[in-house]
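Accompanying notes for the structure given below.
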Amino acid sequence: MRKSIAIIDDDLITCRLMEAIIKKSGLDVSVKSFNTPKEGINQLEKEEFDYLFLDQNFRDLSGAEVLKLLPESLKNHLKVVVMSSNLTTENKQLLDEYDFVVGLMNKPLTIQKLEHIIK
Amino acid sequence: MQKKAIQIGARDYLLKSQLDADRLRRTIHFTQERIQRERLQIRRQKELEQFSKIATHDLKSPLQNISQILEILKIQDPNDETDYLELLGECIQKMEQKIDSLSSVLKFKSEIDGKSKESNDVLNVVNDVINAHKSLIEAKRVEVLLDVEERLEVNYSEIHLSSVIQNLFSNAIKYGSNNNPRIILKGWRSNGSVYFSCEDNGIGIDLKNNRDHLFKLFKRFHTDEQIEGTGIGLNSVHSIVEEHGGKIDVESELGHGTKFIVKLD
């Protein structure tokens, strides 16, 4: 069954490139990217996504703070993967703290990583 | 008594003689100086940690985009017309810009540490800053109201005082209102300290979410990409003011404006 992915990252080029690799992966997935947490969360409330690839560091918020802003209603079905440039112990705590955080990922996204997450 | 003093943490000096009022005053003075030096050292250490964290993160992100492009190029796709070379160029340009701004921050920090303190008049510097922005003030039709007392001398070099006032003033213009922009500059003395404030009626800052990050390096609070900024200005103001024993505070309401109040010394 087709899986849908939302990306929230404040770097426009990162969003564009991640969309590109996901589309080229040959996997049965659809993808949309959002440039700010606010924009992303708004859309997540309107449209059902299976996965959220969430950047760990924004201008004014950390990924952990964005996780707190996610509405309760999303937490039952949405699986969150936190993306970071370095996996710190602080990030690893997010895995224990939130059931809906299913993984941490070091950028860049590769097809192998994507297959591993989706399957 | 000396033994007791060592037990409770006396570290500056200890004399085997009677304690008189003058000696006590000197002891307290030395201790205050030491504590101030230690605080400054701790703050610099923290700033350095913050700086290296930001440098690592900001340089890593375009680098990751470059490796992301390499991952994409591994996949043969004749239908993909994206110009990845152009994107690579953009990533490299971003890294170069970041390195430039990081090194300008480092240069600035070493300048505040090294400069000797001279004394300057707030009103003179405010007038210089306004003159330097004259064409921008006219182009944006900004009404500038000036209420700065005369003879407010502070122990700041001209560069530092000008940098504090200039950064706050140019932010007030940059993030000012589109309709009837107005900036109020005030300077006064209170309880022996000199204060300066810069108030605009512009777009404001969401302090509820941003107060803690306001003076951090490379933080920007307006997602509007149309307004250019590097996220260095407020951090510089904060560093200069703290280095001179002052304090900076902010009041703001989204859509109504922002007021920065600086206790200069």
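The values are calculated or read from the model by the stated rules, or taken from the named source; none is laboratory data. Being a predicted model, the structure only gives us computed values, none of them experimental. No Cβ is skipped: glycine too gets one built from the backbone with ideal geometry, and neighbour counts run over all protein chains shown. These accessible areas exclude ligands, DNA and RNA; they are computed on the full protein's heavy atoms, side chains included. Shrake-Rupley method; radii C 1.70, N 1.55, O 1.52, S 1.80 Å.
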Could you please let me know if B:Glu86 is more than 27 Å from B:Leu214 (Cα to Cα), in a helix (DSSP H, G or I), of a type outside the set (Ser, Thr, Tyr) and within 14 Å of chain A (Cβ to nearest Cβ)? yes
With respect to B:Lys109, determine if the residue is open to solvent by 40 Å² or more (accessible area, probe 1.4 Å) and of a type outside the set (S, T, N, Q). no
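Results for (1) open to solvent by 30 Å² or more (accessible area, probe 1.4 Å); (2) more than 11 Å from chain A (Cβ to nearest Cβ), shown as yes or no for each residue.
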| residue | (1), (2) |
| --- | --- |
| B:Leu70 | yes, no |
| B:Lys74 | yes, no |
| B:Ile92 | yes, yes |
| B:Lys98 | yes, yes |
| B:Glu118 | yes, yes |
| B:Val122 | no, yes |
| B:Val125 | no, yes |
| B:Val142 | no, yes |
Please find, among A:Lys24, A:Lys38, the residue that is within 14 Å of chain B (Cβ to nearest Cβ) and farther than 30 Å from B:Gln76 by Cβ. A:Lys38
Scan A:Val102, A:Val80 and give me the residue that is assigned to a strand (DSSP E or B), surrounded by fewer than 20 Cβ atoms within 10 Å (Cβ to Cβ), more than 14 Å from chain B (Cβ to nearest Cβ) and not polar (S, T, N, Q). A:Val102
(1) part of a helix (DSSP H, G or I); (2) over 30 Å from B:Lys107 (Cβ atoms) all hold for B:Lys53 apart from (2)
Residue, farthest from A:Asp55 (Cα to Cα), within the stretch A:5-25, restricted to residues that are in contact with an Asp or Glu (Cβ under 8 Å, 6 or more places away or on another chain) and among the acidic types (Asp, Glu): A:Asp11
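Mind counting the residues in the stretch A:105-119 that are away from every other protein chain (no Cβ under 14 Å), over 14 Å from the mean Cα position of the chain (by Cα) and at pLDDT 90 or above?
Residues that pass the stated criteria total 1.
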Taking the conditions exactly as written (touching a residue at least 60 places away in the same chain (Cβ under 8 Å) and either assigned to a strand (DSSP E or B) or at positive phi (or both)), does A:Met18 satisfy them or not? no
Selection count, the stretch A:47-63, where residues are under 22 Å from A:Asp11 (Cβ atoms), under 14 Å from the mean Cα position of the chain (by Cα) and either within 14 Å of chain B (Cβ to nearest Cβ) or assigned to a loop (DSSP other than H, G, I, E, B) (or both): 8
